[in-house]
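Structure, as structure tokens:
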Amino acid sequence: MPRMLDVSDEVRAEIGDEEADRLLTGDNAPGSYDCTSCRTAGDTEQERTSTVLFVGKETAVLAFAHASCVPSQVVPVPEEQLQGAVRSINGQADAASAPVPTIPAPTQQIETLPRQAVLGVTSGLVLISGDLYPALVVEPTEPIVRPGTDGPEDEFLTLLTEQGFVPVGHLKEAPADNPGWSVLLVTGLLHAVLQ
């Protein structure tokens, strides 16, 4: 059965057309998986899934993620980390010392270069005093700095506060409305956050 897989051109170039086609037709793709980004369960038969290829100098590990978490991509990681992931996958004894990589995968090359943060946004519902309210969880992949600066300080919460958002210490009552902000749903799924 064909899977709902996204295989980017970058991943296809690394694994080859033949392997990419086998994945897309379901021959080599898993049915269920643990998302390499959010670590929750996913199913290639039920939801769009990204192929994520972790590559070292000599080793590569193909992983899967919810397409809503991260796009299909190639992620360079240190060879030692990949070897640890392979040991973990194969159930070898010292696997605990090097877990399977996650997005964003930490590497010296990437950490030394300036990176643009990506905001992962997940939508859902929150139960407050017996009523359901829509909720968004926003997770940046990198520290968010003030536009025009290159300082190391993460100002994500400060910038949100300046846009009218307030911290919520508990979920006993719904937070106040934030005028000017809205979300766009397409066929029941989060499509965009608008201001």
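The values are calculated or read from the model by the stated rules, or taken from the named source; none is laboratory data. All values reported here derive from a predicted model rather than from experimental measurement. As a convention, Cβ positions derive from the backbone with ideal geometry for all residues, glycine included, and neighbour counts pool all protein chains shown. Surface areas here come from the heavy atoms of the whole protein model, side chains and all, with no ligands, DNA or RNA. Shrake-Rupley method; radii C 1.70, N 1.55, O 1.52, S 1.80 Å.
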Among the residues of segment 1-43, which ones are over 25 Å from Val77 (Cα atoms) and in contact with a Gly (Cβ under 9 Å, 6 or more places away or on another chain)? Met1, Pro2, Arg3, Asp43
Check off (1) modelled with pLDDT of 85 or more; (2) open to solvent by less than 70 Å² (accessible area, probe 1.4 Å); (3) in contact with a Ser or Thr (Cβ under 7 Å, 6 or more places away or on another chain); (4) within 25 Å of Val193 (Cα to Cα) for Pro71 and give me the number that stays unchecked. (2)
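Conditions tested, residue by residue: (1) under 25 Å from Val75 (Cβ atoms); (2) of a type outside the set (S, T, N, Q); (3) modelled with pLDDT of 80 or more; (4) assigned to a loop (DSSP other than H, G, I, E, B).
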residue	(1), (2), (3), (4)
Ile89	yes, yes, no, no
Asp94	yes, yes, no, no
Pro101	yes, yes, no, yes
Thr122	yes, no, no, no
Leu125	no, yes, no, no
Leu136	no, yes, no, no
Gly148	no, yes, no, yes
Asp154	yes, yes, yes, yes
Out of the residues in segment 55-67 that are open to solvent by 20 Å² or more (accessible area, probe 1.4 Å) and among the β-branched types (Val, Ile, Thr), state the one that is farthest from the chain's Cα centre (by Cα). Thr59
Segment 15-44, residues that are in contact (Cβ under 8 Å) with a residue 40 or more places away in the chain and surrounded by 16 or more Cβ atoms within 10 Å (Cβ to Cβ): Ile15, Thr36, Ser37, Cys38, Thr44
Mind checking which residues of segment 176-185 are open to solvent by less than 70 Å² (accessible area, probe 1.4 Å) and either without any contact (Cβ under 8 Å) to a residue 12 or more places away in the chain or assigned to a loop (DSSP other than H, G, I, E, B) (or both)? Asn178, Gly180
For Val52, all conditions in the list (1) at pLDDT 85 or above; (2) open to solvent by less than 10 Å² (accessible area, probe 1.4 Å); (3) part of a helix (DSSP H, G or I) hold save one; what is the number of the exception? (3)
